Amino acid sequence: MIFMPVGSSCKSGSYKIKEGISLKDIMTNNLGRGFQLYQEEYEEKVIEVMRSGWYILGQELKQFEDEWAQYVGSRYCVGLASGLDALILAFRALNIGEGDEVIVQGNTYIASVIGITSNRAKPIFVEPDESFGIDLNKIEKKITKKTKAILVVHLYGIPCEMQGIVDLCKKYNLRLIEDCAQSHGAEYHGKMTGTFGDIGCFSFYPSKNLGAFGDAGAVVTDHEELADKIRILRNYGSEKRYYNKVAGVNSRLDELQAGLLRVKLRHLEELTQEREAIAARYIEEINNELIQLPIPRKECRCVWHQFVLQTIFRDELINYLKERKIGTIIHYPVPPHLAEAYIGLGYQKGDFPITERLADTVLSIPVYNGMTEKEIDYVVDCINKFRGD
Ligand SMILES: *Cc1c(COP(=O)(O)O)cnc(C)c1O
């Protein structure tokens, strides 16, 4: 029997696993597969929007904003051009800027930090806990008179330890912003990420769990004045056309992307369950003493944006899997405090040993919608046979 994933865009030919079964490259992500799952619905929507003659700030966006707010459990949603813009405008709407400090975990994607520094505020890094979230026990000693907010990042789709963080924010009167770029639909104690603080920031970059077919993002909030402020900021600072209250930006989620996101949102629950099923198989079946599995947080729904292993034999594992046509990615090889972009912050190697160890040992393996049981079998089998060379 020949097994050939449809539409996978690998360059090399098929690979023989066992007698009779061959497989194309298994990429860490495969967006083409995700598209094919609901191809007709997407294509229909594209034609509908194209034919509508209205492409920016129209009905598709309004409806997507309502639907996303309702899905997340927030009162308001404002669609934006990207996840980074969501972060930048969230801090701006909260008047966090020059002279202010924002606490954030050290092991995040650099966009989280750019959201802070674009507003001229200073990121104060905290080490992560064993589930890759900000370590609750290490936050309090970083709070100073200048601290204005905590930015939590539900990295890889695992919610942070929210109860303690919400309590700390109350105790010190801090703003709470959530970076939910990787946590669409993730829940902490039955409550969705994005609803714990002042503003939840989402990215709909194509590879995210709810991904558009281009760039897109949004904020959610329960505060009307924050929603209004960001809605005005995203459109040059004007509420009424050509009457500008502030010097805003152009950061709008276009009609085509909004329409396509509405299609995907109808299927998000089943898409999330598919990711959960893949992760459950990995957790159940990967068994190799050289490899540490991710630790989901208790009483949480993790949505497995990435499935992240840790191993000190990372280079060997990458090459070993590559030889077997399995793709992997490192999320992320350089922590923000050591990024060239942030040399000015004055950090050095050794300042955040846990963050740095993660940067040296994490490895994401394939998880995507449309992944087949055979592909999962093969990934598990290969990883279990890895001997460190
Ligand atoms: C993707 C991502 C962002 C940025 O989103 P864009 O839409 O690409 O701008 C921010 N934070 C995290 C954690 C992300 O994964």
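Results, tabulated for the structure shown:
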item	result
Those residues of segment 67-93 which are surrounded by 24 or more Cβ atoms within 10 Å (Cβ to Cβ), over 27 Å from H189 (Cα atoms) and not hydrophobic (A, V, I, L, M, F, W, C), in sequence order	D85
Whichever residue in segment 172-187 is under 16 Å from the mean Cα position of the chain (by Cα) and farther than 16 Å from V104 by Cα and, among such residues, is farthest from the ligand (Cβ to nearest atom)	E187
Residue match in segment 352-366 (condition: under 22 Å from I278 (Cβ atoms) and touching an Asp or Glu at 6+ places or on another chain (Cβ under 9 Å))	yes
Any hit, segment 109-130, residues being over 21 Å from L345 (Cα atoms) and not in a strand (DSSP E or B)	yes
When residues of segment 106-121 are limited to those that are more than 11 Å from the ligand (Cβ to nearest atom) and in contact (Cβ under 8 Å) with a residue 60 or more places away in the chain, the one most open to solvent (accessible area, probe 1.4 Å)	T117
Residue among I96, I134, I124 that alone is open to solvent by less than 50 Å² (accessible area, probe 1.4 Å), more than 30 Å from R252 (Cβ to Cβ) and away from the ligand (no atom under 14 Å from the Cβ)	I124
Any helices (runs of 4 or more DSSP H) falling wholly within segment 192-291 and containing at least 2 residues that are within 16 Å of the ligand (Cβ to nearest atom) and under 18 Å from the mean Cα position of the chain (by Cα)	255-266
Selected residue [polar (S, T, N, Q), surrounded by fewer than 20 Cβ atoms within 10 Å (Cβ to Cβ) and modelled with pLDDT of 95 or more] from S238, S207	S207
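Quick grid of which residues meet (1) of a type in the set (D, E); (2) in a loop (DSSP other than H, G, I, E, B); (3) closer than 21 Å to I26 by Cβ:
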position: L309; (1), (2), (3): no, no, yes
position: I312; (1), (2), (3): no, yes, no
position: L321; (1), (2), (3): no, no, yes
position: D351; (1), (2), (3): yes, yes, no
position: T355; (1), (2), (3): no, no, no
position: V379; (1), (2), (3): no, no, yes
position: I383; (1), (2), (3): no, no, yes
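Yes/no matrix, rows are residues, columns are (1) more than 18 Å from K264 (Cβ to Cβ); (2) at pLDDT 95 or above; (3) in contact with a helix residue (DSSP H, G or I) (Cβ under 6 Å, 6 or more places away or on another chain):
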{"residue": "G32", "(1), (2), (3)": "no, no, no"}
{"residue": "Y38", "(1), (2), (3)": "no, yes, no"}
{"residue": "E44", "(1), (2), (3)": "no, yes, no"}
{"residue": "I47", "(1), (2), (3)": "no, yes, no"}
{"residue": "S52", "(1), (2), (3)": "yes, yes, no"}
{"residue": "Y55", "(1), (2), (3)": "yes, yes, yes"}
{"residue": "L61", "(1), (2), (3)": "no, yes, yes"}
{"residue": "R75", "(1), (2), (3)": "yes, yes, no"}
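The values are calculated or read from the model by the stated rules, or taken from the named source; none is laboratory data. Keep in mind the model is a prediction, meaning the values are calculated, not measured. Don't worry about glycine lacking a Cβ; one is built from the backbone with ideal geometry, like all the others, and counts go over all protein chains shown. With ligands, DNA and RNA removed, areas are computed over all heavy atoms of the protein, side chains included. Shrake-Rupley method; radii C 1.70, N 1.55, O 1.52, S 1.80 Å.
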